[in-house]
Amino acid sequence: MIWVVRIFTTSIGKKQLMALTGLLFLLFLATHLLGNLSIYGGQGAFISYAEHLHALGKLLVVAEVGLVVALLIHITLAVILFFENRKARPIQYAVDKSGGGGRTFSSQTMPYTGFLILAFVIFHLATFSHHIVDQTHRNIFQIAYELFSNKGILIFYLAAMVVVALHVRHGLWSAFQTIGANHPKYMPFIEWLSIIFAIIVAVGFGSLPLAILALK
Amino acid sequence: MSGKHINLTLKIWRQNGPQAPGSWEIFPAKDISTEASFLEMLDIVNEQLALAGKEPVAFDHDCREGICGTCGCAVNGRPHGPDRETTLCQLHMRRFRDGDTLVIEPYRARAFPVIKDLVVDRSAFDQVIQAGGFVSVNTGQAQDANSLPVPRNKAEEAMDAAACIGCGACVAACPNAAGMLFVSAKVSHLALLPQGRPEAAKRALSMVAQMDALGFGNCTNHKECEVECPKGISIRNIARLNREFIRAAVASTEKIPASGGGQ
C-alpha cells in the first residue's frame with residue numbers, strides 16, 4: 001500500500017486530496033445551510049431541526065469525526081503547499097501584477113481566507129456546538145439570540161460569511177479543475193456555480209443571525 | 001527607417017553570474033524606432049553600451065520569429081510583455097509610449113536559476129521531457145496512413161497542446177512558480193494520440209515526479225499561465241494531466257518514481 005502514500009507526496013496528489021476534502025466541506029456547507037434555513041419556519045421549526053439532528057446520535061458523531069479528519073487533512077496540506085509554493089520563488093518580482101487577468105482577489109487570498117475560516121470555525125464550535133455549550137437549560141434559539149444580541153459578535157459573524165464566500169468562489173471551480181473535471185461543455189457552468197454558490201453562502205448564512213434577532 | 005521614434009527609461013536586472021548578488025541598473029533608451037521589436041531595442045541599447053565600453057545586457061534570443069521559445073523575460077511584471085499570445089521577440093516598440101519606464105527582469109523561479117542578467121537556465125524543462133515526454137517507437141518503414149485512425153477533433157486538441165514552445169512563461173507567470181502548464185501540454189499532446197497511449201501512465205507519473213523533484217511550485221489554479229502563454233495553451237490541459245496522473249497512479253501497474261529521475 002506504499003503506492004497510496006506515495007500519491008499524496010506528489011504535487012498533484014496533494015492538490016487532489018485538498019480538492020476532495022474541499023468538496024466535502026462544500027457539501028457540508030450546503031446541508032448546514034439547508035438545515036439552518038428552518039429558522040424561517042419559526043422558532044419551533046428551528047429547535048425541532050436541532051433536536052432531530054442530535055437524535056441521529058452515533059450517525060452524527062461519525063459525520064463529525066469525518067469532517068474533523070477532513071479538516072485536519074485540508075489544513076495540513078494547505079500549510080505544506082503554502083510553504084512549498086513560497087520556496088519555489090525565492091526572489092520575488094520587483095513588479096508583480098496580473099496584467100492578463102488570470103488571478104482573482106479570491107484566488108490570491110485563499111491561504112489567508114482559509115486561516116480566517118479556521119479561526120471562525122473554532123469560535124463557532126465553542127459558542128454553538130452541543131458538545132461544548134450546555135443545552136439543557138437553554139435551547140439553541142436562545143443561545144443564538146443571546147450571542148447575536150452582542151453587536152461585535154454579530155459583525156464578526158457577518159464578516160466571516162463574506163470570508164467563507166471568497167474561499168468558496170475560488171475553491172469550488174478549482175476543486176473540479178484539480179480532480180480533472182474540466183470540460184468545455186460543463187466548465188462554464190461550474191465557474192458560474194462557484195460565484196452563485198459563494199453568494200448563496202454569504203447571503204444565506206449571513207441572513208440567519210438577522211432572522212434570529214428579528215424573530216424574538 | 002521611417003515611423004515614430006520614442007525615448008524610454010529601462011530599469012534592468014544586472015547579475016554577473018549564478019552566484020552573484022545582482023542589482024538594478026537604469027539606462028536611457030533614446031531614439032528607439034517604434035518599428036523595432038523589443039529585442040532589437042535591447043540590441044540598440046547594447047550597441048550603445050558597448051561603444052561606451054560597458055558590459056552589454058545578456059538576454060536570451062534565437063529565431064526571433066516567435067517559434068523557438070528561447071527569448072523571454074518579464075517586462076513590467078509580465079512574461080513576454082503586455083501583449084497576449086506574443087513572444088518577446090514579436091513584441092514591438094509601438095506598444096509603448098514616449099517617456100515610459102520599463103522594468104525588465106529575468107524569470108523568477110527556483111527551478112530557473114539566473115545565469116547572467118536576463119538569461120535563466122531552463123534546462124529543468126529538458127529534464128522533465130527526459131523523464132518521459134517522448135514516444136518509444138521502432139523506426140523503419142513508414143506505416144500506412146490509415147492504420148492508426150485519429151479523429152480530427154483529437155488531432156486538433158493534440159496540436160493545440162503541441163504548440164507549446166517551452167519558453168517558461170507559464171512558470172514565470174505563476175504566483176507559485178509551478179510548471180504545470182508546460183508539463184500538462186507535453187503530457188497532453190501525446191496522451192491524446194494513439195501513438196502516445198501505450199506509455200501514457202508511465203509518462204504522467206514520471207514527468208510529474210521529475211517536475212516535483214526540480215522544485216517547481218504547486219498549481220493553485222490562478223490561470224496566470226494561460227493568460228501569459230504566448231501560444232495560448234489552455235488550462236484544460238492541466239485538468240487532463242490531473243486525470244492522467246490519478247488514473248495512472250490508481251489504475252495502472254506503473255509505480256510513481258520515488259524522488260523523480262534527477263537531483
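Considering B:142, B:124, B:50, which residue is outside any loop (DSSP other than H, G, I, E, B), exposed (fewer than 13 other Cβ atoms within 10 Å of the Cβ) and of a type in the set (A, V, I, L, M)? Talk me through it step by step, then tell me what you get.
Working: B:142 fails: outside any loop (DSSP other than H, G, I, E, B); B:124 fails: exposed (fewer than 13 other Cβ atoms within 10 Å of the Cβ).
B:50 is the lone residue from the list that is outside any loop (DSSP other than H, G, I, E, B), exposed (fewer than 13 other Cβ atoms within 10 Å of the Cβ) and of a type in the set (A, V, I, L, M).
Going by what's in this entry, would residue A:126 be described as part of a helix (DSSP H, G or I), at pLDDT below 95 and more than 7 Å from chain B (Cβ to nearest Cβ)?
Working: part of a helix (DSSP H, G or I): yes; at pLDDT below 95: yes; more than 7 Å from chain B (Cβ to nearest Cβ): yes.
Judged against the criteria, residue A:126 is a match.
Scanning the stretch A:52-105 for residues that are surrounded by fewer than 12 Cβ atoms within 10 Å (Cβ to Cβ), in a helix (DSSP H, G or I) and of a type outside the set (A, V, I, L, M) returns A:52, A:58, A:83, A:105. In the stretch B:224-234, the residue that is farthest from residue B:190 (Cα to Cα) out of those that are facing another protein chain (nearest Cβ under 7 Å) and surrounded by fewer than 24 Cβ atoms within 10 Å (Cβ to Cβ) is B:227. Per this entry, residue B:190 is counted among residues that are more than 7 Å from every other protein chain (Cβ to nearest Cβ), at pLDDT 95 or above and over 30 Å from residue A:101 (Cβ atoms).
Report whether or not residue A:141 is closer than 28 Å to residue A:195 by Cα and assigned to a helix (DSSP H, G or I). No; evaluated as a whole, the condition is false for this residue.
Residue-by-condition table, conditions (1) away from every other protein chain (no Cβ under 14 Å); (2) assigned to a helix (DSSP H, G or I):
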| site | (1), (2) |
| --- | --- |
| A:158 | yes, yes |
| A:161 | yes, yes |
| A:167 | no, yes |
| A:171 | no, yes |
| A:175 | no, yes |
| A:183 | no, no |
| A:194 | no, yes |
| A:200 | yes, yes |
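Only a single item in (1) hydrophobic (A, V, I, L, M, F, W, C); (2) modelled with pLDDT under 95; (3) more than 23 Å from residue A:60 (Cβ to Cβ); (4) buried (at least 20 other Cβ atoms within 10 Å of the Cβ) is not met by residue A:214, and it is number (4).
The residue list B:44, B:32, B:104 contains one member that is under 21 Å from the mean Cα position of the chain (by Cα) and not in a loop (DSSP other than H, G, I, E, B), which is B:104. For the stretch B:194-202, the criterion of being crowded, with 24+ Cβ neighbours inside 10 Å, more than 7 Å from every other protein chain (Cβ to nearest Cβ) and assigned to a helix (DSSP H, G or I) is met by no residue.
The values are calculated or read from the model by the stated rules, or taken from the named source; none is laboratory data. Bear in mind the structure is a predicted one, so any value in this text is a computation, not a measurement. Quick reminder, even Gly has a Cβ in these numbers, built from the backbone with ideal geometry, and neighbours come from all protein chains shown.
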